[in-house]
Amino acid sequence: MLSKDFILDSKSISKLATRGLTLEAIKSQINDSIDLFLELSRAQGLNIVRRQGQYYFDTKYISIKDAEFCIVDIETNGSKIDKHQIIEIAAVKVKNGKIIDMFESFIYTKEINPHISDITGIFAKDTQDAPDLKTIMMEFKLFLGDSILIAHDVKFDYRFISLSMQKIGLEPLLNRSLCSLALAERTVVSYRYALSYLNDTFNLNPNATHHRAMSDVLTTYGLFLLSLENCTESLNNVEDLIKFSKEAKRLKRPKIDPLLKVEEEIEVSS
């Protein structure tokens, strides 16, 4: 996923991820020098490199094993960025299947809708001693760096985090992203793909507390590992994985909910 503020058009972005883009094509769309454009992109989490006269996302040359992924989850006190904010954020950095770093924090807020508290178990009093949004967004940006951002249904998390950064004066995110839900649909057979259902089916996180940021991050981490393990395609780099998650055929879902069947069998046996 790329911010709408990224200066290149969608066709050029596609070429950066695949067969490359010429210097002339980039220059025709930017007002600054190529060096400044590359530096500004890098500052927003996106590395563009030159190979044999063409420009590419560096993720086209990074293997999945060597890549640094950042699995993220946020809890918010509503869905509208102009009225609401992030109240909890958590993330783990993953390299070669292993967690190498962690980030977690409440974010101060004056109020949380009772409905949100019912879902998350988070109350305004839980955030009273937490850092404010500006502090956490600046810290998280440093933590994220140029990692590939992963979330379950990534569009919401990516957009809300990016807009939150803009809200406190930072530039929008440009990091490459990967949707764990979309990847799971192509690698894991399931009746449903909600994170809680997948956890019930595959026991991804035995100590899960759904709708809490770090718990959902660890569940998504387990799902990511399972998806990579189940993937039979030959994927040479991160861009291959991103493309596979968007374009590969989705697996056929069972017609009957297996978990419901198990529950019925337990009831009959008891």
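The values are calculated or read from the model by the stated rules, or taken from the named source; none is laboratory data. Since this is a predicted model, take the numbers as computed values, not measurements. A quick note on method: Cβ atoms are made from the backbone with ideal geometry, for glycine too, and the neighbour counts reach across all protein chains shown.
Couple of notes before you dig in:
- If only residues of the range 206-227 that are touching a helix residue (DSSP H, G or I) at 6+ places or on another chain (Cβ under 8 Å) and of a type in the set (A, V, I, L, M) are counted, the one that is surrounded by the most Cβ atoms within 10 Å (Cβ to Cβ) is 223.
- Hits in the range 33-49 - residues which are touching a Leu at 6+ places or on another chain (Cβ under 8 Å), in a helix (DSSP H, G or I) and aliphatic (A, V, I, L, M): 34
- Every residue from the range 107-133 that is surrounded by 13 or more Cβ atoms within 10 Å (Cβ to Cβ) and either assigned to a loop (DSSP other than H, G, I, E, B) or not assigned by TED's automatic domain parsing to the domain that holds residue 148 (or both): 107, 108, 109, 112, 121, 122, 123, 130, 131, 132
- Condition check for residue 57: within 21 Å of residue 155 (Cβ to Cβ), surrounded by 14 or more Cβ atoms within 10 Å (Cβ to Cβ) and not polar (S, T, N, Q): yes
- Subset of the range 17-32 (residues that are touching an Asp or Glu at 6+ places or on another chain (Cβ under 9 Å) and outside any loop (DSSP other than H, G, I, E, B)): 17
- Subset of the range 62-101 [exposed (fewer than 14 other Cβ atoms within 10 Å of the Cβ) and closer than 16 Å to residue 217 by Cβ]: 97, 98, 99, 100, 101
- Among (1) assigned by TED's automatic domain parsing to the domain that holds residue 144; (2) more than 24 Å from residue 142 (Cα to Cα), the one test that residue 51 misses: (1)
- Looking across the range 1-16, the residues that are assigned to a loop (DSSP other than H, G, I, E, B) and over 19 Å from the mean Cα position of the chain (by Cα) come down to 7, 8, 9.
- Check on residue 30, assigned by TED's automatic domain parsing to the domain that holds residue 166 and not acidic (Asp, Glu): no
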